[in-house]
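Working notes for the structure below.
The values are calculated or read from the model by the stated rules, or taken from the named source; none is laboratory data. Computed from a predicted structure; not experimentally measured. A quick note on method: Cβ atoms are made from the backbone with ideal geometry, for glycine too, and the neighbour counts reach across all protein chains shown. Protein only, heavy atoms only, side chains kept; ligands, DNA and RNA dropped before computing areas. Shrake-Rupley method; radii C 1.70, N 1.55, O 1.52, S 1.80 Å.
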Amino acid sequence: MSNAVIEIRNLSKIYRDFWGRKKVQAVKSLSMDVQKGEVFGLLGPNGSGKTTTMKMLLGLLFPTSGEMTILGKSASDVSKNEKIGYLPEESYLYRFLNADETLDFYGRLFNMSAADRIRRSDELIEMVGLGKARRRQLKEYSKGMTRRIGLAQALINDPELVLLDEPTSGLDPLGTREMKDLILRLKAQGKTVVMCSHQLADVQDVCDRIAVLFQGELKVLGRVDELLEMRNETQMRTSSLSKEAEEDIRKVLEKHNIKNAQFTSPRADLEELFLRTVRESGERPGRRFSAEEIAASGKGGNA
Amino acid sequence: MDFDIRPYNLSSAATSWMMLVGILTLISVGLSFVLSLARNGGSGVAIFTRGLGSYLGDLFSLSLGRIYALTKLTLLEAIRRKALLVFVVFAVLLMFAGWFLTDTNSRPELQVSIHVTFLLTAIAWLILPAVIFLSCWALPEDIRIRSLHTVVTKPARRLEIVIGRMAGMGIVACLVLVVMGVIGAVWIYRKLPENSRSQLTCRVPVFGQLYFFDVDGQPAATGINVGDTWMYRSHIAGNSRARAVWMFRDVNESSIVRETIGTGDEAKTVEGVKLECRFEAFRTVKGSEKSVLQGVQAQYTLSSNPREEAFGMLSQGEALRPVADALRDGQFRNGSERLKELATRVRSNPDELRPADYLGLQNGLAVAGVVLKELKLPALLPVQEKFEAASNSGIALIRVLQINNTTGATDKPPYAEFAESLETLAGGILENADVLHESLPKLEVPLPAFHISEYHEGAAENITVVPRKLRFAADYETLARFLSGIFEKWSEEGKLVEGNAISSGLVDSLQKDASVSPLNAELLVTVLNEQLTAGTLKISDGKLAVVDGRRWFAFFDDLIRKELLISQDTDGWLIEKDLLTDLVSNGFYAS
Ligand SMILES: Nc1ncnc2c1ncn2[C@@H]1O[C@H](COP(=O)(O)OP(=O)(O)OP(=O)(O)O)[C@@H](O)[C@H]1O
Ligand SMILES: [Mg+2]
């Protein structure tokens, strides 16, 4: 597919110890694509292999087997990095530099001109809201501030593809909001975003498609709206109903033999999907679930 | 392994550096190929080629901008993480070092070296932690706290990261070195009393070549190996005729230094050649505690003896030694006689000498020819040619001897021709004895003896400044020849006499025309007057002459031997004069 920014085929990663003995299989035969212009979410419980997958894509880890291309190039090709921005799980930055110097340093690594570097760091520092702290060394930063400068650093080269490993961790609600806005803005600019997160509400808000990993296996892959759609349920939204209206509707429904009509706000959200996937994966390992199955099991879970 | 010191040569250094790097590269490439094969089996080849390819790709697409970014990062790191605190430590050290170091009044001559050693040690010890910390912070720390992850996900190549980091560390280390060096130099300069500052000028060592003479005074290839040191540091037996001789070829005016010795009232400035050496005494017999503590007495003799150089090689082999000895001692007549005897032996009884003797003789003749040629004195040309001719004739002889030896042929070796060339040479030497004498003067200066302290301390250092104004003891003959040369000529010209007495202007003209130093000129005139009174000299026909028709040479030879040519204030048989200068200005040296 020519539109795929990331293609992963049968990717596996086995962490070995010093003697080459197998320790953990972090990723098992993973195959998926990320399309240009979409926001893709990688979900999964702790230790499910999200970060490992991302690092392999970046060439920070060598896969044990399998193939992948990123922006049409091999993961070990340094030149692909020209168009990639990466926000690591924790901000691995030089703590003795201040915000300005940090951005200047990473800008130089892209061989950006001095004028470009200044312009771009001003923009980014403004954007991540570090204007007041830009001359302070990173070792004095709070966790959230470090995340913010990490994000700025990831965007210094105006990348085509942005990989965000838990972008909202450590951010205050306002920061989280801004981060989501930023991701949507990037999407609007036609960039591709891949993110991992545990903040499911955030993922639900911004992601077009998600993949759920469990113990290194791909369990769910699909469009968020499709995955969350409950096929055996119909949801109706109105302005809030009066008691009489509720009774009338109930009667109409009973005429159609529909008994268990509930009048609550819908609870089926990503959180539920996530919990369900994890639970069922624990019960039935080695299986991948289709969107239908998930929707169907959603009923059971709901009953 | 050889320990000879060779002058630094940039191009050969560069070549050997490149060879080393090349070899290391080849080894590491080979090793990684083997490793790749071992790890990955058959597919190892492909993996290896890919790796090599990407490395070469990296090599050719290095970006200076990125390297600079990493270099700058390292510099900032050094500053921000306080690696440069070493400067503070350094400054504190310097501030307080003064208290301890200035108290070296007991050994004033050591002041400079103590200060310099302290400074260099301080710099070395301080630069070490700076560089260690820095190199620990740089890449390993990058890997540990994963800041490298952020860097390698930018388009930075591995090679760029390594080069950038190394360049940064290199610059920091250089900076530290330069700053400390400059501060240290200023500190030392201000700390030292004015008269010892000259010692800060660095010295260019002139290395001599070392020759040994064994306990019988015979040339030996090496000294005695006492077993606990490298062979290049061999020993000579004490209390014997054993000597170690260093030959210096490039000692000239430029080797002379000015130095202040002593402090306070006793300080005096000496101008001369500085001799520095280290000794080690080694005792091979058990002795009483006392004898151990007594230490060892040692002495240098400075000598300039071109004859040793020219004829020393002739002394290989028992049969040839008399010739060599005579020539070396300047007994050219005697040497000529011995050479004639040798020629006779070669002619009448050639087999008495072994082929090795012929080889040694030829070798010695060739060396003599070359050395005489190098002196570039036209007067020596005839003798030099005869040495060459004899050497050539020796080659012809040796060739036949060799052919006979290896092929079993029985060609008659040209003994007669060789003998004849030796006779010609003997004649030439006799004929040119005077020229040889004047062209190859021997000077000898025994320096004050010194003490190598107790041996179990190991080594002792001796630093002597050989003053420029020395009491040089030329050998009798050279001195006598020098003086008689002057007086013979002036006597002929009637320059020596004024009325009935020795000319009053003689002191002046000795200084002006013969370049004799003032003291010597006066001494000479005084002694001449004494001799005139004593009746060994006479004035006849307005000329000063030696009685009994003897020659001036014999007269001066006598004077020196009878130790009459000594001024009141000299304390030996040495004639007080700056003889070196006197002789040089009279053409004894052709430098
Ligand atoms: N360097 C490593 N050495 C050995 N095992 C590792 C290493 N890094 C990760 N793992 C293991 O690989 C598995 C996947 O780890 P990974 O970091 O990819 O998980 P994750 O999905 O990012 O989890 P989290 O949500 O906690 O960030 C885990 O079991 C982990 O223990
Ligand atoms: Mg992770």
Worksheet item: If a residue has to be more than 16 Å from ligand 1 (Cβ to nearest atom), among the small types (Gly, Ala, Ser) and in contact with a helix residue (DSSP H, G or I) (Cβ under 7 Å, 6 or more places away or on another chain) to count, how many in segment A:50-84 make the cut?
Response: 0
Discussion item. If I ask for residues that are crowded, with 20+ Cβ neighbours inside 10 Å and modelled with pLDDT of 80 or more, which ones from segment B:65-92 would you list?
Written reply: B:66, B:67, B:69, B:70, B:71, B:73, B:74, B:77, B:78
Discussion item. Yes or no: segment A:164-187 includes at least one residue that is at pLDDT 90 or above, within 16 Å of ligand 2 (Cβ to nearest atom) and open to solvent by less than 10 Å² (accessible area, probe 1.4 Å).
Written reply: yes
Worksheet entry | Filtered residue count, segment B:173-198, keeping only those that are open to solvent by 40 Å² or more (accessible area, probe 1.4 Å) and either within 14 Å of another protein chain (Cβ to nearest Cβ) or in a helix (DSSP H, G or I) (or both) | 16
Worksheet item: Given segment A:24-137, what strands (runs of 3 or more DSSP E) lie entirely inside it while holding 1 or more residues that are more than 10 Å from chain B (Cβ to nearest Cβ), crowded, with 21+ Cβ neighbours inside 10 Å and of a type in the set (Gly, Ala, Ser)?
Response: A:39-43
Discussion item. Of all residues being more than 9 Å from chain A (Cβ to nearest Cβ) and among the charged types (D, E, K, R) in segment B:143-172, which is nearest to residue B:55 (Cα to Cα)? Just the residue, please.
Written reply: B:165
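Search segment A:138-153 for residues being of a type in the set (Gly, Ala, Ser) and away from ligand 2 (no atom under 16 Å from the Cβ), and hand back the single one that is nearest to the other protein chains (Cβ to nearest Cβ).
Residues of segment A:138-153 that are of a type in the set (Gly, Ala, Ser), as a first pass: A:142, A:144, A:150, A:152.
Pick out the ones that are also away from ligand 2 (no atom under 16 Å from the Cβ) and you get A:142, A:144, A:152.
Working: A:142: 18, A:144: 18, A:152: 12 Å.
Once the filter is applied, the top-ranked residue is A:152.
Residues are listed down the side, and each one gets a yes or a no for (1) open to solvent by 30 Å² or more (accessible area, probe 1.4 Å); (2) modelled with pLDDT of 80 or more; (3) within 16 Å of ligand 2 (Cβ to nearest atom):
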| residue | (1), (2), (3) |
| --- | --- |
| A:208 | no, yes, no |
| A:211 | no, yes, yes |
| A:221 | yes, yes, no |
| A:231 | yes, no, no |
| A:244 | yes, yes, no |
| A:247 | yes, yes, no |
| A:252 | yes, yes, no |
| A:256 | yes, no, no |
| A:263 | yes, no, no |
Response to the item:
For segment A:162-188, pairs from a residue that is away from ligand 1 (no atom under 16 Å from the Cβ) and among the aliphatic types (A, V, I, L, M) to a residue that is open to solvent by less than 40 Å² (accessible area, probe 1.4 Å) and at pLDDT below 85, with Cβ under 7 Å and 6 or more apart or across chains, are A:179/A:171
Discussion item. Just to be sure I understand, how many residues within segment B:414-442 are over 36 Å from the mean Cα position of the chain (by Cα) and basic (Lys, Arg)?
Written reply: 0
Discussion item. Step by step: first the residues of segment A:1-23, then only those that are within 14 Å of ligand 1 (Cβ to nearest atom) and in a loop (DSSP other than H, G, I, E, B), then the one that is nearest to the chain's Cα centre (by Cα). Which residue is that?
Written reply: A:17
Fill in: The lone exception for residue B:46 - which of (1) assigned to a helix (DSSP H, G or I); (2) in contact (Cβ under 8 Å) with a residue 40 or more places away in the chain it fails
(2)
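A quick yes/no check of all residues on (1) more than 13 Å from ligand 2 (Cβ to nearest atom); (2) within 18 Å of residue A:159 (Cβ to Cβ):
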| residue | (1), (2) |
| --- | --- |
| A:5 | yes, yes |
| A:12 | yes, no |
| A:18 | yes, no |
| A:23 | yes, no |
| A:36 | yes, yes |
| A:40 | yes, yes |
| A:55 | no, yes |
Practice prompt. Output the number of the condition that residue A:14 fails; it satisfies all remaining conditions of (1) more than 14 Å from chain B (Cβ to nearest Cβ); (2) free of Cβ contacts under 8 Å to residues at least 40 places away in the same chain; (3) within 23 Å of residue B:148 (Cα to Cα).
Written response: (2)
Worksheet item: Going by the conditions given, is residue A:143 touching a residue at least 40 places away in the same chain (Cβ under 8 Å), exposed (fewer than 15 other Cβ atoms within 10 Å of the Cβ) and assigned by TED's automatic domain parsing to the domain that holds residue A:170?
Response: no
